[in-house]
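The block underneath contains the structure these notes are about, expressed in structure tokens.
The values are calculated or read from the model by the stated rules, or taken from the named source; none is laboratory data. Owing to the predicted nature of the structure, the values given are computational and were not obtained by experimental measurement. Using ideal geometry, Cβ is built from the backbone for each residue, glycine included, and neighbour counts are taken over all protein chains shown.
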Amino acid sequence: MKYEKIAETGSIGNLTIKNRLVMTAMGVGVGSPNGQATDAFIRFYAERAKGGAGLIITEITRVNNLHGAGEYDQLSLATDDTVPSFRKLADVVHEYDTKIFVQLHHPGRESHLVLNPDTRQLVSSMPVPSFVAPEPTRALTVEEIRGLVKDFGEAAGRAKEAGIDGVEIHAAHGYLIHQFLSPFDNHREDEYGGSAENRRRFLMEIIAEVQRVCGKEYPISVRLSSSEFLDGIYRESLTLKETIEDAKACEKAGVALLNISSGTHFTGNTIVEPTSYEQGWKIPLAAEIKKAVQIPVAATGVIRDPAYAEQILENGDVDFVAMGRSWLADPEWGVKAIAGRDEEIRKCLGCMYCFETAGNNLCTGGSHAFCSVNPYMGEELNYGEPGKDGEGRLCVVVGAGPAGLEAAMILGKRGFHVKVFEKRERLGGQMYLASLPPHRAKMGNFIRYAVKQLETLNVDIQMNTEVTADMIRELNPYAVFLTTGSVPVLPGSIPGMRGENVYVAEDVLTEKVCFSGKRMAVIGGGLTGMETAEYLQERGNEVINIEMADAMGAVGFPLMIMDATAALARTGVRTMPGHKLMEIRHDSVILEDHAGFQIEEPCDAVIVALGVRAVNHLQEELAGMERVYCAGDAVRGGRRVPDAIHEAFRAAYEL
């Protein structure tokens, strides 16, 4: 066995966990508005149990129906009627010798009134609205706090009645209990504020109430943020020092597990990290907490690689490896890791698409979170493993970007004979380019996974081959998948756009051209432009990043944009939003602001990152041929990785 520490059994209270892998809580929106664990929800977790998770911790579960909703389709144990669905969930997960905890949660001010229509104000430790989504907020009274303590206890009792193995109390990430723990948030003058002991009183009373209702042997996990990462910004905040004391208090109170994360909604990228964060960056914080307690510690840290998980277990940094998005990307992460099948793991990109899509329906429901690289996620009831019905019939895939790779994998699994043609010398298309800027290498995870899969499936890949319609007709394939991608847009209406000093982002990222010590103008403030600007600045150039819209990254998921703009500031790129490119000269660019004033910025070269346009002449040339499908940028330029992968998946699956 390659990873013995991962496979080793562990103990949490009176429970034996089959391995050291924990699936942490994530709101994926496959529940129901009334808080039931739906069939889709149960199947979602069953796949992760089957795939090797030793302990599953469900998504946030409501304990109070008046002001305790955090998501539209979240689970609830606020009332008795949901208990039978939780019992069914527990029974299914237990079939795979996996344990399951329910995460008990109250959002406090980090919610929305539309989710809590029976109250006119959100609640918190103090009458201070959320910094992220401010809505009317009031401080809880002492009587209300004590009522919530009972709510947590009753919800835990329902979990135990349903056969759930334990509960996790969510005291992290800026939610209600954290709003009491934090010296930044909590300035109460009663017994629930002031000293550290008073600030943690709410949490301690909840722990005691759960023990009173469920018995002291019933396992309790507490999720804590190791740090708010506000020190140095504000005079008072929750730092590692304070969290260590909270951890000790939890241990003394009889808690069985500490599940360590970090951050608040105010420092959101430290909760759910974008692509740029390095694997294990916050494990040292959890390791310090582990030194201070005797009970087991689990911790997250954008863990993607089994070798790294094994290492932190061997080092004694943690007792359990906690992962979230890794289980979304590949529900079989555990069994593949334990078997040493590292290359077969479909790894998370850190692209935040799951959180973006979950957030889109946070207040309305109607859909669930999706994973960029795993079209099955949340759709487990609708899509099983594809049937072996290809019967060796030929399918041609033109273009080996993410759409072409996904189509080829599904077709290969179905037993078709697949020929992939790629006109370049490399695979991955725009996804490959996205993996080249600083700290973005994880974007190449899907390409590496696909290459291994296609090798196993004996898919025929022909590189440096530009396909014509006549070539396809001569092959007489059963089906054709056009995933021919896109090329950069170079607006011919702008004077100087065809000059010798003008390049596209791809030229820079692939090192077709290299610059150092130059003055560079990057035109376009989307993610590609910002990442290219960062790339150039890190190579010793003086870079300005110009964007016509009023803000850099005007289109994109806010946490990804926040990460990219922070990188520009950190590396010293000068940004110029609100400026339109009017002309490119041999040694400068002419820009115009919204008031019509023009300025000239000197530069040695210009890099254009103004989007892409589709390349798809073959679709028209193959008109009349049966079973021709188009996916990704070939449909419309500038589409995203998940659009390409999901579209190709559906076409290949349903062929």
Criterion: within 10 Å of the chain's Cα centre (by Cα) and among the charged types (D, E, K, R) - qualifying residue of R341, R325, R346, R304: R325
Hits in segment 13-71 - residues which are over 28 Å from L176 (Cα atoms) and of a type outside the set (G, A, S): N14, L15, T16, I17, K18, N19, R20, D39, R43, E47, R48, K50
Extreme residue, nearest to P642 (Cα to Cα), among residues of segment 454-478 that are in contact with a helix residue (DSSP H, G or I) (Cβ under 8 Å, 6 or more places away or on another chain) and surrounded by 19 or more Cβ atoms within 10 Å (Cβ to Cβ): L454
Close pairs (8 angstrom Cβ cut-off, 6 or more residues apart or separate chains): on the phi > 0 side of the Ramachandran plot in segment 455-468, surrounded by fewer than 13 Cβ atoms within 10 Å (Cβ to Cβ) anywhere: N464/E425
Hits in segment 611-632 - residues which are under 19 Å from I410 (Cβ atoms) and within 26 Å of the chain's Cα centre (by Cα): A631, G632
Residue in segment 492-510 that is surrounded by fewer than 23 Cβ atoms within 10 Å (Cβ to Cβ), among the hydroxyl-bearing types (S, T, Y), assigned to a loop (DSSP other than H, G, I, E, B) and in contact (Cβ under 8 Å) with a residue 24 or more places away in the chain present: yes
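Being in the same structural domain as L15 (by TED's automatic domain parsing), out of contact with any strand residue (DSSP E or B) (no Cβ under 8 Å at 6 or more places or on another chain), farther than 17 Å from H178 by Cβ and in a helix (DSSP H, G or I), is that true of even one residue in segment 256-267?
Pass one, segment 256-267, residues in the same structural domain as L15 (by TED's automatic domain parsing): 256-267.
Narrowing the set further to residues that are out of contact with any strand residue (DSSP E or B) (no Cβ under 8 Å at 6 or more places or on another chain) leaves 265-267.
The next check asks that each one be farther than 17 Å from H178 by Cβ; those that pass are none.
No; the residues of segment 256-267 include none that is in the same structural domain as L15 (by TED's automatic domain parsing), out of contact with any strand residue (DSSP E or B) (no Cβ under 8 Å at 6 or more places or on another chain), farther than 17 Å from H178 by Cβ and in a helix (DSSP H, G or I).
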Residue in segment 412-427 that is crowded, with 24+ Cβ neighbours inside 10 Å and within 26 Å of the chain's Cα centre (by Cα) present: no
Hits in segment 134-170 - residues which are over 25 Å from G254 (Cβ atoms) and either in contact (Cβ under 8 Å) with a residue 40 or more places away in the chain or basic (K, R) (or both): R138, A139
Subset of segment 309-365 that is assigned to a helix (DSSP H, G or I), of a type in the set (S, T, N, Q) and at pLDDT below 95 - its residue that is farthest from I289 (Cα to Cα): N360
